[in-house]
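One structure is given below, encoded as structure tokens.
Readers should treat all values here as calculations from the given coordinates under stated rules, not as data from a laboratory. Treat the numbers as computed from the prediction; the structure is a model and nothing was measured. Reconstructed Cβ throughout: ideal geometry from the backbone, glycine too, with neighbour counts over all protein chains shown.
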Amino acid sequence: MLKPTALGLLIGASLCSTAWAIPASQLDALGNGLDVQYQVLDNKQDDWRSFTGNVAFTNQSTQTLPKTGWTIYFSHIRMINSIDTDQLKVSHVNGDLFKLEPTDSFVPLAPGDQLVVGFNASDWQVAKSDIMPNWYLASDDETGTHTALITSTSNHKNGQVPTKPDDELTFVGDFDTPVKWKRYGGALTDHYDPFTAEQRYARNADLSLVDTQGHVLPTPASRIEKNGHVTLDSEWTVVYDNGYQAQAQWLADQLGISATDWAPTKQKVIHVGWGKVTLNGSDQWHEAYRLDVQPEPQRIEIDAPDEAGALYAAQSLLQLKTGDTLKAVSLTDAPRFAYRGLSVDAARNFRSKEAIFKLLDQMAALKLNKLHLRLSDDEAWRIEIPALPELADVGSKRCHDLSETNCVLPFLGAGPDGTEASNGYYTTDDYQAILRKAEALNITVIPEVDMPGHAHAAIKAMEARYHKFMAQGDEAKAKEYLLTDFEDDTQYLSVQMFTDNAMNVCMESSYRFVDTVVAALVDAHRDIQPLDTFHFGGDEIAGAWKASPVCQSFIADNDAGVNSVDDLSQYFVERISHITQRHQLDLGGWEDGLMHNNNVYPRAQLANEHVYGNAWQNIWEWGVADRAYNLANNGYGVIYNQATHLYFDHPYEPDPSERGYYWAPRFTDTRKTFSFMPDDLYANADEKRNGAPITKQEVLDAATVKTLTRPENVLGLQASIWSETIRSDGQFESMTFPRLFAMAERAWHRAEWEASTQTGQEADQTKRKLDYNLFANQLANYWFPQLEQQGVGFRLPVPGGVIESGTLKANSPFPGLTIEYSTDNGASWQAYDADNAPHVSAPVQLRTISGERVSRISQIQ
């Protein structure tokens, strides 16, 4: 961590170069004319430890890039170990931000000249979305720092944020050979290659068109078919019992009819009211419903023990409709899990209030009831805290400010002035509007403020506050919420390469900060949706505090059982527990926030009535897949949030053109999420990170905790969408849908084919295929048109195809989705009809379409 004096020297040294500064007009011309081309060369050259690549700088402007006076800043998600030229030097600034500066050997780059810089960096990059956009030039003069976006690297040409991969990151070269798309070679083989059209065709071969009219998703627990139907028209009325008016009115609005608390007739009535719901001999008291469509008399009965059940019955009724007709059926239904959630990372890149509104509508349709909203991370702070305005004023923005007093650094390709995705926060009014909509849809909002790690934005905002009040001579007020020990010389590097992202847990001001933030969130929720759970994150703490004088004194003087730095994380969680308990809150955290070195913190030491952990890190061969069982067996509530199946920031396919990180599985498609079996976690073991098969028994052999002894502590399922590579709301929607449908199905409904440790049942692969086929047809034939109509940009899958005896055969993962083919390299497209398959010769291109949107193109060579 840089001390203020060191930071001042750094900035001063930078400003001393003003004699060689580049005039702003020349800098802008260079920004507009400097062409950058980035190319990964070899990921296998050091067997996963490092990769090589190069960056070609071509001066297409009319100005010369001079010998001195400039710096290029850029985001790079991998540590750059070295470059192969003596003309430039590369430095790590913080996080993923790096800079290139000319050395004394730099040869000015005249118009038309090119400089190619080779580099060696850690790990690998095998996808285009690994590379961050918006590189920029900076130059200092006596008036300050001038910056110029290098437009060849920009995602914002003509002011637009592209949603299609082909329109984004055009400065990044193709990953067109195995050494570019594979992560390692040698002893550890990477088994993944991009799918071919023929491979996709084979993967979809067990799917076929089936009739899904009147089917409901998530699948109801009980469905009884009856004879006859009812036809809805304007004469129908929704009649509600006391307490069910909101749900009845919502249903009436969807159907375009009226709602009332009384009707003179018993016909053409949809009655919504209280009723006991019994399933398998057990009474269901929360979120359950019974829906009975009665042709004679023309009547629909909705019975529910609470308002949530009534809303879910209404959602099911809408799916039963075919036009204005409802088939006679009786549904009795209740959720499998009480917790059915989605976590949204609004910190790395911001999700607009409008995008959250659209998401809430879809979550409610799928009977999901928890929105876990991550409001802070290293890269940004996203919620207004009235008592601490610096959190929004500084922490919510990214820009070129090395002191980070006006904004945080432009991480994740934010560029010199930030972008719509990098900048923004929810005002109190915005947040409360989200709460109101969520409450009306039976969705609980769980705010997360990640701490003590992942806190760079908050730390810098509070340092800005400190400097502001110190300048006013008010030292007490300056230190009131300070999260930094300025004398801490601890050297560490977080997973995301931050050197200063852990708030100091030995300072009372840190806990004053937490209490103030929690109190503000409690106040924001009051009278709308009273806050019941605060999520403190707690994940990925990176070895901080070892050289902090404040912590050394604290450890020496305290009587709270803290004997070493290793004890500080548990101490912090216990303090957070007592703070939140005073606010009468439950506590949530990521799995690693509730343990240290895989040792679970004693549950009795935490004051909250309920504490739960999101179990996420289950890479099978790492020996940590037992953390979920470990937490549950030790008295914690557990949310299954496994990265291998439920992280929707991962790609849909193992293809360099697909968006997303891939640190857990190489890819997660909708079928994989659908296949998740919560009742036997180890039965989900399928592949290692390199694609080699792994068995349940292998995972069990490596696990310390082999069985779940307290299944009652498993509260439910949650999917997560992290946003490092997701820069627009449209990209967010395509990464979320359709995978969220599969997660919702598993959270609500237990399928017959699932494995279970409680019953000893093994997975039935035949039944699973049949079940998935029905599900895939439901998506293509009901849900995708609904999403299209509502303007939700779900992902269109890449189709598969083969040419057999001169005849084109094509399919998609969702039977019924429109497929088009081209025999003239995309100059024209025709709809594919399997019943009248065309005679063609290679090459043939294939794509799926919906509305005006198209998928990536697959080619049969």
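The table below lists the values:
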quantity: Virtual spin-label span in nm between Arg512 and Phe357, 7 Å along Cα→Cβ; calculated: 4.0
quantity: Under 5 Å, built H, 5+ apart or other chain: amide partners of Ile385; calculated: Ala392
quantity: Region 222-333: proportion of alpha-carbon pairs further apart than 17 angstrom, %; calculated: 48
quantity: Integer Hz, Karplus 6.51/-1.76/1.60 couplings in order for region 767-776, x for Gly and Pro; calculated: 5, 5, 4, 5, 5, 5, 4, 4, 4, 4
quantity: Full-extension gain in nm, Asp84 to Glu712, via 0.36 nm per residue minus C-alpha separation; calculated: 220.3 nm
quantity: Long-range amide H partners of Glu687 with built H, under 5 Å; calculated: Ile694
quantity: Cross-link partners of Lys358 among lysines (Cα-Cα below 24 Å; sequence separation of 8 or more within a chain); calculated: Lys164, Lys321, Lys367, Lys370, Lys437
quantity: Residue pairs, from the table Lys226/Lys276; Lys128/Lys767; Lys128/Lys672, whose Cα atoms sit over 27 Å apart; calculated: Lys128/Lys767
quantity: J(HN,Hα) series, region 645-657, from Karplus relation 6.51 cos²θ - 1.76 cosθ + 1.60, nearest Hz, glycine and proline x; calculated: 10, 10, 9, 8, 8, 7, x, 7, 9, x, 10, x, 7
quantity: Virtual spin-label span in nm between Asp686 and Glu804, 7 Å along Cα→Cβ; calculated: 2.4
quantity: Region 102-140-region 698-736 distance, computed between alpha-carbon centres (Å); calculated: 36
quantity: Two-site label geometry, Glu142 and Asn242: point separation in nm, points 7 Å out along Cα→Cβ; calculated: 8.1
quantity: Helix 307-320 axis, angle to the chain major axis (alpha carbon atoms, nearest 10°); calculated: 80
quantity: [x] 61; [y] 58; [z] 35, with the label sought being that of the calculated percent of Cα pairs over 43 Å apart; calculated: [z]
quantity: For region 22-37 and region 189-266, distance of Cα centres in Å; calculated: 55
quantity: By average C-beta atoms within 10 angstrom, highest first, the peptides 459-472, 258-271; calculated: 459-472, 258-271
quantity: Amide hydrogen neighbours beyond the local backbone of Thr444, cut-off 5 Å, H modeled; calculated: Lys370, Leu371
quantity: Per-residue ³J(HN,Hα) for region 507-517, Karplus 6.51 cos²θ - 1.76 cosθ + 1.60, θ = phi - 60°, Hz, x for Gly and Pro; calculated: 9, 4, 5, 5, 6, 5, 4, 4, 4, 5, 5
quantity: Net lengthening on full extension, Trp285/Asp701 (0.36 nm per residue, minus Cα-Cα); calculated: 145.7 nm
quantity: Centroid-to-centroid separation of region 407-478 and region 556-615 [C-alpha atoms, Å]; calculated: 24
quantity: Nearest 10 degrees, 0 to 90: helix 353-365 Cα axis against the chain principal axis; calculated: 30
quantity: Two-site FRET efficiency, Arg582 against Gln491, from Cβ-Cβ distance with R₀ of 25 Å, rounded to 0.05; calculated: 0.10
quantity: Pairwise FRET efficiency - Arg49 versus His596, Cβ, R0 = 35 Å, nearest 0.05; calculated: 0.80
quantity: Residue-averaged 222 nm ellipticity for the chain, from DSSP H runs of 4+ at -39500 (n - 2.57), nearest 500; calculated: -7000 deg cm²/dmol
quantity: Added length on full extension, which subtracts the Cα-Cα distance from 0.36 nm per residue, Asp233 to Lys67; calculated: 52.0 nm
quantity: Protection proxy ranking of 344-353, 211-220, 410-419 - average other beta-carbon atoms within 10 Å, highest first; calculated: 410-419, 344-353, 211-220
quantity: Nearest 10 degrees, 0 to 90: helix 24-33 Cα axis against the chain principal axis; calculated: 50
quantity: Whichever aspartates and glutamates have a C-alpha closer than 20 Å to that of Lys706, once near sequence neighbours (fewer than 8 apart) are set aside; calculated: Glu591, Asp592, Glu621, Asp626, Asp679, Asp680, Asp686, Glu687, Glu698, Glu754, Glu762
quantity: Efficiency of FRET from Cβ geometry, Arg203 and Val840, R₀ 30 Å, rounded to 0.05; calculated: 0.90
